[in-house]
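The values are calculated or read from the model by the stated rules, or taken from the named source; none is laboratory data. Everything quoted here is computed from the prediction, not taken from an experiment. As a convention, Cβ positions derive from the backbone with ideal geometry for all residues, glycine included, and neighbour counts pool all protein chains shown.
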């Protein structure tokens, strides 16, 4: 399975639980409180703040991990020309990510006078863990984001006390790590996997360059928005001078517990995903094998990210019957049209009494169905996004200028090979899906997500050290 | 006190709880499950999804209500010239808000064939409640957002099953309701409260017009981001043809339970707020009295909203000691500088051995303190925001172009009179606060938030019907 380390409650989790106990009137010492919390906290806590996911393992977390409620995904562009800088960054990221996912700060907090008050409160993080490789010195070539202040705060501190919140951090490599502008910057061009293709232009794409592409990918998922953002923010800071933010994107998932969550269009999203509980499905459709061109990708996956804006105002002005034709499902139950329950099988051959297909030809569920795509499947792990409003030119008559919601879907899909997964499926959808009149793909990226790291090693070691 | 109706668990809450029980293997009928849930749900449930806040009352909710974890605030501009249209909108909003806060859909779901599956699942909302005033017909004067489809879905449906989540909805009136471009559109100019001033330009303001101002204000707060956004989205839809979105803004608050939450700068925010548990403080500083110019505002408040972008990348590159000088507080404990505990009194007169003030002259905590502002206090009820990234020109040397976080604070403050509250306090901060080098005010609005509505009446009735 994905992870070979048992989850353990974090120190921060202890402190939080301890705080709650104290608030409830208990008069235990801090150590006793921590012990009590340890004894009471099950391995898989139901408290989303206390949940802990392992970082090290055969696979990276955040792919088949049960989906957390929030994400922050980001792409960075490498600004260095030195291979060793890239390796140092990946080492620093690996160490920091291992700390962060276990509920620690990105680096140990220093014990200056200013933090003594925190020590009194028992909130200073473990200082015995290995510190990330230190980043030092400004660059004079203009590539650095800004000079790094070696004395700067080791962590922004904004999630102290919040608990690990089930944080996973997933790293990926974009095409630009291998070749950029025709240049083999780091001697990796020959090791680029064939499956890491440049995505084709799809029908209707309206991609914004500044929300598209990227050399390096970070996906943080957690049961709290600030914990997810905090992780990316610390990692981006560690990259100052080596890589700069290209785009970042917050996302969320609001779902009744234990049920398929609804997207902003009001429909259940993810019903037909291949089951992550079935390793054979994951091996077939999600995990990359050891292909001759990229043996280092064994146990990794390929991830496509699309920022899909949805014209909610327009959608909200349509009838439920019409919306159901668009999706091919009933809105409230989530059942395929003509069926009663969400998980009833999608029968694409069923016809009504007039001989017309019950599930429309150009409905989303038909076009994206495995049976319409030569058996292809992808593991969707998408989030809604809501970046408030923007002032836009309307994209339909009468072309008025208007404030619109900048909201929609951060589509995230994992697959063993995009050439058999996202690309043919989206090609069909982009051409025929009725939903396209309400959706616009404005951002796009594809990444090779390498396997997990072994303790002491780093993410991507197989690429650089083989 | 603020609310005169006891909270009650909602139908949707019952259904959710029932669903959980069924998932756990119980074999009760739906009615039995609902009864079991009723018996077990305390009036003030600790489950944030089941929390219910009353809508009707002396005051509107969302002012002294214990702060929920998420918000969506929005301003709309009136596009109608008719006073009756405005009243009809406020009636429709009041009815819909009363439904939404109790965990119902904005309007009853219709019982067409397409919703029968939902009825089977027991998810159709109560249809006996009064429906909002129906909005019908497109306008030909170009003022409508788009023609309203009378058959359109009565609710976007994206929060079905999520529970009321402690939703509050707060409405406010901007200066433009009273006069706009010198015109008294609705015969209300003479009733504009003197306290509803046009905010002055403050030092350093860099306001974006499309994120500033607005004739009408909606603040939705809830324990879930989708529930908060859903509420504004339904209300904005009800306004089609009468008012159009000017700006919307999502916000959140990630805090360890029962502790003061930290903002994105990593400091605890809200420590020195006047206590909402002290009615005399609320009456003095928050609730408006029955002034001769605006007797209809008795029991209301005046709300200032500021979108404050924070240059997190820059802030993250500074030392903790420096950050503490900026705030005037210790970062980890939240204590005033030189003190041990968060709630230790701020002593502005304390000096170090050299005779220098312990809390710096231009620190945020000193400049905003009651003692520096002739006793003025405001009730801050702010949220962090995170609208992902934008491509910006840097605002400090060497003026590079870069992707930056579009994140910061949605500052929300309630007060009995902005001329004694926000305006003098912010005037001082805008001129002297060390924090200004990291913050930029890019949006601004002020609203008169009228008192709560009585059942059968509507928000703002006192303004229109006196």
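Worth a mention:
- Qualifying residue in the range B:275-287 (condition: away from every other protein chain (no Cβ under 14 Å) and in a strand (DSSP E or B)): no
- Subset of the range A:149-176 that is more than 13 Å from chain B (Cβ to nearest Cβ) and assigned to a loop (DSSP other than H, G, I, E, B) - its residue that is farthest from residue B:261 (Cα to Cα): A:174
- The range A:147-173, residues that are over 21 Å from the mean Cα position of the chain (by Cα), at positive phi and at pLDDT 95 or above: A:157
- Check on residue B:296, more than 9 Å from every other protein chain (Cβ to nearest Cβ), in contact (Cβ under 8 Å) with a residue 12 or more places away in the chain, within 16 Å of residue B:60 (Cβ to Cβ) and out of contact with any helix residue (DSSP H, G or I) (no Cβ under 8 Å at 6 or more places or on another chain): no
- For residue B:260, the test of being within 13 Å of another protein chain (Cβ to nearest Cβ), farther than 30 Å from residue B:193 by Cα, assigned to a loop (DSSP other than H, G, I, E, B) and under 20 Å from the mean Cα position of the chain (by Cα) is passed.
- When residues of the range B:317-334 are limited to those that are crowded, with 23+ Cβ neighbours inside 10 Å, in contact with a helix residue (DSSP H, G or I) (Cβ under 8 Å, 6 or more places away or on another chain) and outside any helix (DSSP H, G or I), the one farthest from the other protein chains (Cβ to nearest Cβ): B:328
- If you check B:280, B:226, B:206, B:219 for being out of contact with any helix residue (DSSP H, G or I) (no Cβ under 8 Å at 6 or more places or on another chain) and over 27 Å from residue B:55 (Cα atoms), only one passes: B:206.
- Residue match in the range A:436-454 (condition: more than 11 Å from every other protein chain (Cβ to nearest Cβ), closer than 19 Å to residue A:58 by Cα and surrounded by fewer than 18 Cβ atoms within 10 Å (Cβ to Cβ)): yes
- Candidates A:420, A:339 - the one that is within 13 Å of chain B (Cβ to nearest Cβ) and either surrounded by 15 or more Cβ atoms within 10 Å (Cβ to Cβ) or within 23 Å of residue A:65 (Cβ to Cβ) (or both): A:339
- When the test is whether a residue is more than 24 Å from residue A:383 (Cα to Cα), in contact with a helix residue (DSSP H, G or I) (Cβ under 7 Å, 6 or more places away or on another chain), within 14 Å of another protein chain (Cβ to nearest Cβ) and in contact (Cβ under 8 Å) with a residue 24 or more places away in the chain, residue A:188 does not pass it.
- In the range B:42-93, the residues that are part of a loop (DSSP other than H, G, I, E, B), within 14 Å of the chain's Cα centre (by Cα) and at negative phi: B:60, B:61, B:63, B:64, B:65, B:66, B:67, B:68, B:69
- When B:201, B:246 are screened for being over 15 Å from the mean Cα position of the chain (by Cα), closer than 24 Å to residue B:422 by Cβ and in a strand (DSSP E or B), only B:246 passes.
- Residue that is farthest from the other protein chains (Cβ to nearest Cβ), among those in the range A:229-255 that are at pLDDT below 95 and over 24 Å from residue A:307 (Cα atoms): A:241
- Among residues of the range B:342-357, those that are more than 11 Å from every other protein chain (Cβ to nearest Cβ) and either in a strand (DSSP E or B) or under 31 Å from the mean Cα position of the chain (by Cα) (or both), counted: 5
- Any hit, the range B:396-410, residues being touching a residue at least 12 places away in the same chain (Cβ under 8 Å) and part of a helix (DSSP H, G or I): no
- Pair list, Cβ < 6 Å and 6+ apart or interchain, from the range A:98-116 residues that are more than 10 Å from chain B (Cβ to nearest Cβ) and in a loop (DSSP other than H, G, I, E, B) to residues that are at pLDDT 90 or above and surrounded by fewer than 22 Cβ atoms within 10 Å (Cβ to Cβ): A:107/A:154
- Some residue of the range A:378-387 being surrounded by fewer than 21 Cβ atoms within 10 Å (Cβ to Cβ), within 19 Å of the chain's Cα centre (by Cα) and in a strand (DSSP E or B): yes
- Answer from A:235, A:207 - the residue that is touching a residue at least 60 places away in the same chain (Cβ under 8 Å), buried (at least 24 other Cβ atoms within 10 Å of the Cβ) and in contact with a strand residue (DSSP E or B) (Cβ under 7 Å, 6 or more places away or on another chain): A:235
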